[in-house]
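The values are calculated or read from the model by the stated rules, or taken from the named source; none is laboratory data. The shown structure was predicted, so the numbers you read here are calculated from the model rather than taken from an experiment. With ideal geometry, Cβ positions are generated from the backbone for all residues, glycine too; neighbour counts draw on all protein chains shown.
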Amino acid sequence: MSWSCTWATKFRVAALAMLILGMTWQPMDAARLERDMVVVRVIVPAHERAEARLSPYGPGYEQELLAAFLDFTGREAAYRFMDDPNQALLALENGEADLAVGFSFALGQRRGPNNIDSPVQAGPVYATYTPAVIARGEEPDQEQGGNGWFTREPDAVACTDPALTESLSQGVGWENQFVQACQAMDLASALDGVEGEEFALAVVDEDGFRLWQPFYQELHVEAQGEEEVALRWFWRGDREILALQLDTFWADQEVQELAQELDERYFGFLPSEPNISELEHILATMTTEVDQYADVIAREAANNGMDPLLITAVIYRESRFRADARSHTGVRGLMQLTSSTASMLGVSDRLDPEQSIQGGSAYLRMIWDELEEFGLDPWERWCFTLAGYNQGPGNLRRAIRLAQNAGGEGKTWNELRQAYLRMNSGCRGREAVRFVDSVRYYYYILHGLVVLSRPEAQHLAALVQD
């Protein structure tokens with residue numbers, strides 16, 4: 001993303017506004033002034049909701065937001081990592097840090113920097129999520145409804161945020177003494193503990209759990225909290241220059257748009273209700289089918305400068321790795337090529353696995369190359385490429401024009417998604433959106449299997465060798 005004007009210009013405008021409003025700077029010594037202008041001491045979660053090691057889509061939601069702020073101000077960051085938001089706020093109040101990024105508090109709680117004497121200020125809410133109780137085994141009978149599943153306090157509970165547990169406890173009748181005894185830890189450790197039966201339950205961010213659920217299929221959402229949790233940044237108001245910059249940053253419309261784009265990038269592909277049978281099928285397919293095609297996929301990925309796991313995800317979405325797959329629309333083979341596309345690419349037999357992979361990979365690369373003129377961010381460009389693969393380059397360009405005619409630049413997947421949904425052939429437009437989101441989801445899962453060294457990853461080894 002590019003800023004419409006420099007941070008210095010915006011800072012001068014904000015400073016002028018302070019003078020107009022009669023606000024004044026507090027005197028500072030030279031050393032403090034120099035530090036206040038350059039270095040910001042930042043507390044960040046040790047484990048993000050969209051953990052960077054799992055995601056192939058970027059360094060992480062909070063990392064990208066923070067990088068935008070540092071670019072916006074020309075500052076440098078000195079980092080400190082912790083997961084407990086209470087400890088983060090305490091560190092801010094004690095002057096051990098200047099800014100805490102990506103921490104949450106239930107919107108209705110009387111917690112956080114609400115004390116008039118506290119030097120800590122809360123930024124605007126830029127995202128919300130729902131706390132959830134995670135359990136092992138069979139999912140509860142939904143007809144029971146509500147929180148009636150909890151007839152007694154479990155023996156041991158893991159939680160990623162003590163505030164979430166306290167909020168949920170009111171609905172299930174847990175005592176405060178029990179809540180205080182909950183063991184705080186990062187999300188992966190909490191899920192490991194429930195899977196290994198070290199803990200009966202875990203209280204976590206539901207969206208965060210959805211990102212991990214493909215790798216913990218024995219776990220499920222047992223219950224959801226009734227109170228949303230808000231993500232904000234917190235900072236010390238007595239760091240006057242920093243506070244002014246943060247106020248200016250969050251008031252910028254481009255920052256609001258960036259937050260929406262990042263939410264879409266890191267969470268937008270998640271299904272609202274995960275299909276456990278499908279997740280099981282993905283893992284089984286990686287175990288039984290990929291080996292026979294791995295060399296061809298790796299070769300064509302190298303020939304076309306693409307990630308072999310992405311090609312694998314497209315094949316799974318198109319044919320579930322059935323070489324003889326046929327559709328009523330006339331497409332055929334592993335990568336479901338039309339007869340006209342196959343002819344253009346020199347594919348004589350669409351049902352031949354090697355030819356199908358060769359042709360489908362070349363087609364993806366062709367669409368990618370045709371998008372060069374639009375100057376797209378690489379991640380957005382891949383979403384556009386996948387949409388073009390599904391609906392054809394002609395419909396892709398039509399959707400870009402629709403997005404531009406609606407007042408946008410036609411350069412983000414968010415814009416293109418809405419354009420596809422507005423196209424006259426609405427069903428086909430919705431199919432393009434479903435296709436892109438499905439491939440993103442499968443690609444994310446395959447990447448996670450490799451990163452986490454899950455058993456299925458050994459069958460992907462030939463694809464990801466250096």
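Any residue at all in the range 402-413 that's within 21 Å of Tyr293 (Cα to Cα) and aromatic (Phe, Trp, Tyr)? No, the range 402-413 contains no residue that is within 21 Å of Tyr293 (Cα to Cα) and aromatic (Phe, Trp, Tyr). The test for being touching a residue at least 60 places away in the same chain (Cβ under 8 Å) and either among the small types (Gly, Ala, Ser) or closer than 19 Å to Glu431 by Cα (or both) holds for Thr412.
Residue-level analysis places Ala46 among those that are of a type in the set (A, V, I, L, M, F, W, C), under 22 Å from Ala190 (Cβ atoms) and surrounded by fewer than 16 Cβ atoms within 10 Å (Cβ to Cβ). Here is a check on your reading of the model: is Asn414 closer than 25 Å to Ser55 by Cβ and at pLDDT below 95? Against the criterion (closer than 25 Å to Ser55 by Cβ and at pLDDT below 95), Asn414 qualifies. Of the helices (runs of 4 or more DSSP H) lying entirely inside the range 219-329, those carrying at least 3 residues that are within 30 Å of Ser339 (Cα to Cα) are 276-288, 294-304, 308-319. Of the residues Gly394, Gly429, Gly408, Gly448, the single one that is among the small types (Gly, Ala, Ser), surrounded by fewer than 17 Cβ atoms within 10 Å (Cβ to Cβ) and in a helix (DSSP H, G or I) is Gly394. One residue stands out in the range 288-300 among those that are within 9 Å of Gln358 (Cα to Cα) and among the aliphatic types (A, V, I, L, M): the one that is surrounded by the most Cβ atoms within 10 Å (Cβ to Cβ), namely Ile297.
So which residues in the range 48-64 are out of contact with any strand residue (DSSP E or B) (no Cβ under 8 Å at 6 or more places or on another chain), in contact (Cβ under 8 Å) with a residue 24 or more places away in the chain and either assigned to a loop (DSSP other than H, G, I, E, B) or aromatic (Phe, Trp, Tyr) (or both), if there are any at all? Within the range 48-64, Ala50, Glu51, Arg53, Leu54, Ser55, Pro56, Tyr57, Gly58, Gly60 qualify. Exactly one residue out of Arg236, Arg265, Arg317 is buried (at least 21 other Cβ atoms within 10 Å of the Cβ) and touching a strand residue (DSSP E or B) at 6+ places or on another chain (Cβ under 9 Å): that is Arg236. For the range 84-100, the tally of residues that are closer than 14 Å to Ala46 by Cβ and polar (S, T, N, Q) stands at 1. Against the numbered list (1) surrounded by fewer than 17 Cβ atoms within 10 Å (Cβ to Cβ); (2) on the phi > 0 side of the Ramachandran plot, Arg401 comes up short only at (2).
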